[in-house]
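The values are calculated or read from the model by the stated rules, or taken from the named source; none is laboratory data. What you see is a predicted model, and the numbers here were worked out from it, not measured in a lab. Methodologically, a virtual Cβ is constructed for each residue, glycine included, from the backbone with ideal geometry; neighbour enumeration extends over all protein chains shown.
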Amino acid sequence: MIPIRAVAAAAALAGVIATAEPAAADGFRPLPLTARPIAEFAIDGGATRFGELEFRGGLVLGSADRDFGSLSGLEIDGNGGSVLAVADTGFWFSARLVETDGRLTGIADAKLAPILDATGKPRRTKHASDAEGVRLTIDKGARTAVVVFEQSREVSRFAVEPDLAAAAARPVKLPESARTLSATRGFETIAIAPASSSLKGSIVLVAERALDKNGNHRGWILSGPRAGTFSIRRIGDFDITDGDFLPNGDLVILERLFSIVEGVGVRIRRIAADDIAPGATADGPVVMSAGLDGHRIDNMEGLALRHEADGSTSVFIVSDDNQSFLQQTLILKFAWRPAHTQ
């Protein structure tokens, strides 16, 4: 039997549930937010390890603000608890995570602001506002947020300082093959390789469901000595929804399943740095998988890695509730206990 929430997710993923239009460009505004802790990842409790990941707490987020929700891309700023997310309704979401003894226990200082276009105005249409991924980086000495928009096939940079909410988009030039993707099967993943890796700090894009001639996910390395196109092997009916790099240059990808037969699921895979190269079809092991029937998941779309001072890695994933009352906004934390060194 397909879970009721799985059916709701199908409708939302198909675009049946409407989204709110962005408000006026008035900068970040405080967001009243509730956060209900998730003590156990497995519905039946007990287990703490899921593949190579150890569950370290989670939150169910809610707000009476009509613009909250639809979080599709996630970034954790440095070694602290500052969160930056983008909603596919055209909003920035900023907050601070509260952690106790290494577990995610709360959230504070939540704020929202419209994401501006290249003219400095809010994005008024779904076509323009469909932000799907975000990464923070240093560009020409300045802290910068880089955002990918699926339907408009756009990648843009935004100055974080002095005020991200006032930053106009600065589009990144894309290759022709990336500009002709389907508007609804295009970019979901943006990741920025470490400068010390073989990709030399390049932006890397991966399409959700735009497949190559062999049925694998298409990807783009935008600059550097390995600039070009590559593929990631598609396994089953999973779509790639986000990705982030480990310090050694390995790419960690988040995958989402929705299937009438198999239900709703989430999977995390690790792609070796050496496999990401022009013309290559990269593959890698599954480090965690979970299903709606047995675990506290929803429509998981955003992933961010935080590299801790002790050399370990924390993994955060967030769900897109499609602003549907039948779905939830979840943020989950895991500690990575890899089978091999990073």
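Within region 292-312, not a single residue is on the phi > 0 side of the Ramachandran plot, touching a residue at least 40 places away in the same chain (Cβ under 8 Å) and not acidic (Asp, Glu). Of everything in region 150-206, what is modelled with pLDDT under 95, closer than 16 Å to residue 133 by Cα and small (Gly, Ala, Ser)? Give them in sequence order. Of everything in region 150-206, those that are modelled with pLDDT under 95, closer than 16 Å to residue 133 by Cα and small (Gly, Ala, Ser) turn out to be 152, 178, 183, 186.
Could you run through region 99-127 and say how many residues are under 19 Å from the mean Cα position of the chain (by Cα), under 24 Å from residue 62 (Cα atoms) and not in a loop (DSSP other than H, G, I, E, B)?
Going through region 99-127 one residue at a time, the tally reaches 8.
When only residues in region 233-273 that are among the acidic types (Asp, Glu) and in contact (Cβ under 8 Å) with a residue 60 or more places away in the chain count, which is nearest to residue 199 (Cα to Cα)?
The selected residue is 250.
Within the set 293, 244, 321, 298, the sole residue that is of a type in the set (D, E, K, R), crowded, with 18+ Cβ neighbours inside 10 Å and out of contact with any Asp or Glu (no Cβ under 8 Å at 6 or more places or on another chain) turns out to be 244. Take the residues in region 207-217 that are crowded, with 16+ Cβ neighbours inside 10 Å and at pLDDT 95 or above, then tell me which one is nearest to the chain's Cα centre (by Cα). Across region 207-217, the extreme among qualifying residues is 217. Of all residues in region 122-145, how many are surrounded by fewer than 17 Cβ atoms within 10 Å (Cβ to Cβ), closer than 24 Å to residue 195 by Cβ and touching a residue at least 40 places away in the same chain (Cβ under 8 Å)? So the count comes out to 1. Here residue 316 meets the list (1) on the phi > 0 side of the Ramachandran plot; (2) touching a Lys or Arg at 6+ places or on another chain (Cβ under 9 Å); (3) of a type outside the set (S, T, N, Q) almost entirely, failing just condition (1). Looking at this structure, is residue 116 closer than 23 Å to residue 247 by Cβ, touching a residue at least 40 places away in the same chain (Cβ under 8 Å) and not hydroxyl-bearing (Ser, Thr, Tyr)? No; evaluated as a whole, the condition is false for this residue.
Filtering region 82-95 to residues that are part of a strand (DSSP E or B) and either crowded, with 16+ Cβ neighbours inside 10 Å or in contact with a Leu (Cβ under 6 Å, 6 or more places away or on another chain) (or both) leaves 83, 84, 85, 86, 87, 91, 92, 93, 94, 95.
Against the definition (at pLDDT 95 or above, crowded, with 16+ Cβ neighbours inside 10 Å, under 21 Å from the mean Cα position of the chain (by Cα) and within 23 Å of residue 132 (Cβ to Cβ)), how does residue 77 come out, yes or no?
When the stated conditions are applied, residue 77 does not pass them.
Out of all the residues in region 266-285, is one or more touching a strand residue (DSSP E or B) at 6+ places or on another chain (Cβ under 6 Å), modelled with pLDDT of 95 or more, farther than 27 Å from residue 77 by Cβ and part of a strand (DSSP E or B)? Looking through region 266-285, at least one residue is touching a strand residue (DSSP E or B) at 6+ places or on another chain (Cβ under 6 Å), modelled with pLDDT of 95 or more, farther than 27 Å from residue 77 by Cβ and part of a strand (DSSP E or B). Scan region 301-309 and tell me whether some residue there is aliphatic (A, V, I, L, M) and not in a strand (DSSP E or B). Checked against the condition, which is being aliphatic (A, V, I, L, M) and not in a strand (DSSP E or B), region 301-309 yields at least one hit. For region 244-265, give me each residue that is at positive phi and assigned to a strand (DSSP E or B). Passing the criteria: only 263.
In region 27-81, what count of residues is obtained for those that are hydroxyl-bearing (Ser, Thr, Tyr) and in a strand (DSSP E or B)?
Total meeting the criteria: 2.
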